[in-house]
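Peer 1: Take a look at this one; I'll ask things after.
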Amino acid sequence: MTFNLFNMLNLRFIQENPELVIRKLRKKNFDASGIVGQIIDRYQRKNEIQAKADQIKAELNKLSKEIGLMFREGKTDDANAAKEQTVELKNSVKQLDEEFAAIDVQVYELQVQLPNLPSDLVPEGRMAEDNVVIRTGGAIPDLKNTRLPHWELASKYDLIDFELGVKLTGAGFPVYKGKGARLQRALISFFLNEAQEAGYLEIQPPLMVNAASGFGTGQLPDKEGQMYHVTEDDLYLIPTAEVPVTNLYRDVILEAKELPVKNTAYSACFRREAGSYGKDVRGLNRLHQFDKVEIVQIVNPSVSYQTLDEMVGHVEGLVKKLGLPYRILRLCGGDMSFTSALTYDFEVFSAAQEKWLEVSSVSNFESFQANRLKLRYRDEQTKKPVTAHTLNGSALALPRIVAALLENNQTSNGIVIPEVLVPFCGFNLIG
RNA sequence: GGAAAGUUGGCAGAGUGGUUUAUCGCGGCUCCUUGCUAAGGAGUUGACCGGCAACGGUCCGGGGGUUCGAAUCCUCCACUUUCCGCCA
């Protein structure tokens, strides 16, 4: 579920802690030594230019005011003489402003190249194999040799029609039918109810967003190719509800007492998955359109790691209630997303494919996203705006959950529906 | 799709070239009053950048321009609202 974002570290923090930034990013296998040095150099130059420009602007402002007074008092000659003085100052300001704008772009371009700093809890490592399993739960069922993969079960019980989806749209857009469709609806309701009970406010967001929103969460400009783009109206289909929900708080200063903000949203998610064809795309394993319930929190920085644990606990509760065998991984430096400070992935075991499937990714972004979003809260003591911490996680994404449910719960009588879902879908067996 | 009007601080809403340092109000905050009492009075009130600070600079939808000086004039763009048309 990881979807790379593209936000940024605070400049002043980099300036004050260059060694720390370099050391921490080494864990993400990122050599920041060059960029950090350049940023500090450019940033310093930028500040020098601003100081100079500000000083000249102050003089100009003062002069303009005086000229106004002279005209009013009829001292036309004095005024015209003063006018001539402004010419040179204006030229200097123009030159400095241009230089400032250019260097500002340079700093920004360097700044956005730096990934978020990983938390100290992040394990060393380069790839998925280096992720650390921190917890496992549930029992892997002992299925007979007659076990079927979910795409065959979907066809056998007429739950999901992949070919019809191809006819209507294309690969990766399945059609859910009958009990297959009702199971989808039941899962969505179950996940939303659980989130509501955990204190999350339910949001029903637009499924299309404008470029400003795509930019706010960082899909743009870097990941443009991953989103479906409606060029006629310049809108993007959302790849996750995280985009509209997080953007609710773009350019917002919250009151301290409003924290924590806890939002949940169901949405269809659309991903082009460009370049990811090949293995692991069979059946429900990787789709262009899928359903997901997302949870998002905006919190005071002092409690964000506590919140992360709470969110992991929430997701763990869901997979437990569904009776699926699962494991929780703490992602290593090399496997984390660009924006995350600490990420836990949830995987469920799909017993016919005999594979662990990622069904959730829960991350603390600390202030990395909030910096880009200009999402702040007003500190109760100082009354000044402070960058908030943001976290989000899938709770949960449906397709792989369905895959695992179908495969793990198959019996000679049919597919047994987990008890928690029965009130939502109205049946306990697909037979 | 056609036409018109708009976009100013948390909200509302003035401001058509120079004490605008953006009016007044509401809301918020602080204090006072507690015989105007489901009230009254006084004061205060944004963000961003630089600076230890004093302070300076920037911001009136966005970009460009005119001017000694722009919320105000010119220009391009975006968005919103209303009416007409269409329509779940």
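The values are calculated or read from the model by the stated rules, or taken from the named source; none is laboratory data. Treat the numbers as computed from the prediction; the structure is a model and nothing was measured. Cβ: placed from backbone, ideal geometry, glycine included. Neighbour counts: every protein chain shown. SASA here: full protein model, heavy atoms, side chains in, ligands and nucleic acids out. Shrake-Rupley method; radii C 1.70, N 1.55, O 1.52, S 1.80 Å.
Peer 1: Of all residues in region A:170-209, how many are open to solvent by 60 Å² or more (accessible area, probe 1.4 Å) and either closer than 22 Å to A:Leu421 by Cα or touching a residue at least 40 places away in the same chain (Cβ under 8 Å) (or both)?
Peer 2: 12
Peer 1: Only residues in region A:82-94 that are polar (S, T, N, Q) count as the first member; pair them with residues that are within 7 Å of RNA strand B (Cβ to nearest atom), Cβ under 9 angstrom, at least 6 apart or cross-chain, and list the lot.
Peer 2: A:Gln85/A:Leu63; A:Thr86/A:Leu60; A:Thr86/A:Leu63; A:Thr86/A:Ser64; A:Thr86/A:Ile67; A:Ser92/A:Ala53
Peer 1: Among residues belonging to region A:49-58 that are within 8 Å of RNA strand B (Cβ to nearest atom) and of a type outside the set (S, T, N, Q), point out the one that is least open to solvent (accessible area, probe 1.4 Å).
Peer 2: Among residues in region A:49-58 that are within 8 Å of RNA strand B (Cβ to nearest atom) and of a type outside the set (S, T, N, Q), the one least open to solvent (accessible area, probe 1.4 Å) is A:Ala53.
Peer 1: To continue, here is another question. Checking A:Arg72 against (1) basic (Lys, Arg); (2) over 23 Å from A:Asn371 (Cα atoms); (3) more than 8 Å from RNA strand B (Cβ to nearest atom), which test does it fail?
Peer 2: (3)
Peer 1: Could you check how many residues of region A:211-235 are open to solvent by 10 Å² or more (accessible area, probe 1.4 Å) and not in a loop (DSSP other than H, G, I, E, B)?
Peer 2: Within region A:211-235, residues that are open to solvent by 10 Å² or more (accessible area, probe 1.4 Å) and not in a loop (DSSP other than H, G, I, E, B) number 10.
Peer 1: May I pose another question? Among (1) open to solvent by 40 Å² or more (accessible area, probe 1.4 Å); (2) under 26 Å from the mean Cα position of the chain (by Cα), where does A:Glu380 come up short?
Peer 2: All conditions pass for A:Glu380, except number (2).
Peer 1: For A:Ile134, are the conditions met, namely being modelled with pLDDT of 90 or more, of a type in the set (A, V, I, L, M, F, W, C), in a helix (DSSP H, G or I) and under 30 Å from A:Ile22 (Cα atoms)?
Peer 2: So A:Ile134 does not fit the description; no.
Peer 1: May I pose another question? From the set of residues in region A:37-48 that are within 9 Å of RNA strand B (Cβ to nearest atom) and closer than 15 Å to A:Ile14 by Cβ, which is most open to solvent (accessible area, probe 1.4 Å)?
Peer 2: So, considering only residues that are within 9 Å of RNA strand B (Cβ to nearest atom) and closer than 15 Å to A:Ile14 by Cβ, the one most open to solvent (accessible area, probe 1.4 Å) is A:Gln44.
Peer 1: Report whether or not A:Pro239 is part of a loop (DSSP other than H, G, I, E, B) and surrounded by 15 or more Cβ atoms within 10 Å (Cβ to Cβ).
Peer 2: So A:Pro239 passes the test.
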